[in-house]
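First the structure, in the form of structure tokens, and then the observations on it.
Please treat every number below as a calculation from the coordinates, not as lab data. The structure presented is a predicted model; accordingly, all values stated were derived computationally and were not measured. Because the Cβ atoms are built from the backbone with ideal geometry, glycine has one as well, and the counts that use them run over all protein chains shown.
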């Protein structure tokens, strides 16, 4: 694979990890950051570094996209309503980009 393709894969995985975190939590419900990492790997086929997942989760909390809840000795995270709206908006945008890049799109831009 070319460097350009590998760069694209990185940008659409690790660099937008919040999308994968949000999707996992939207579909599975609250879970620990450790379990989010395992779920991302199992579902999407790439393994983000542990610290990257924790950093993304903490940033999502700070932005109001996730809600942390203490359960015993652990903290679980759930997607907030704002997180759901942002996920849907991001997916809609990505779909628009893919459609505009498709040969039949006629060159319309996002």
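Numbers below:
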quantity	calculated
Using alpha-carbon coordinates, inclination of helix 17-28 to the longest axis of the chain, degrees	60 degrees
Computed over the chain: relative contact order in percent, which uses C-alpha pairs under 8 Å that are six or more apart	23 percent
Kirkwood estimate for the chain, i.e. one over the average of 1/r between Cα atoms, Å	15.1 Å
Ranking of 98, 76, 14 by count of other Cβ atoms within 10 Å, fewest first	98, 14, 76
The range 51-99: C-alpha gyration tensor shape, a/c 1.5 cut-off, then a/b vs b/c	prolate
Within the range 45-73: backbone nitrogen closer than 19 Å to the residue 12 label point (7 Å, Cα to C-beta)	45-48
With Cα atoms, 0 to 90° folded angle of helix 33-44 axis to the chain main axis	30 degrees
Per-residue Cβ neighbour rank within 10 angstrom, fewest leading, 13, 55	55, 13
Distance in nm between pseudo-label sites at residue 62 and residue 98 (7 Å out along the Cβ direction from Cα)	3.1 nm
Neighbour-count ranking [beta-carbon atoms within 10 angstrom, fewest first] of 52, 80	52, 80
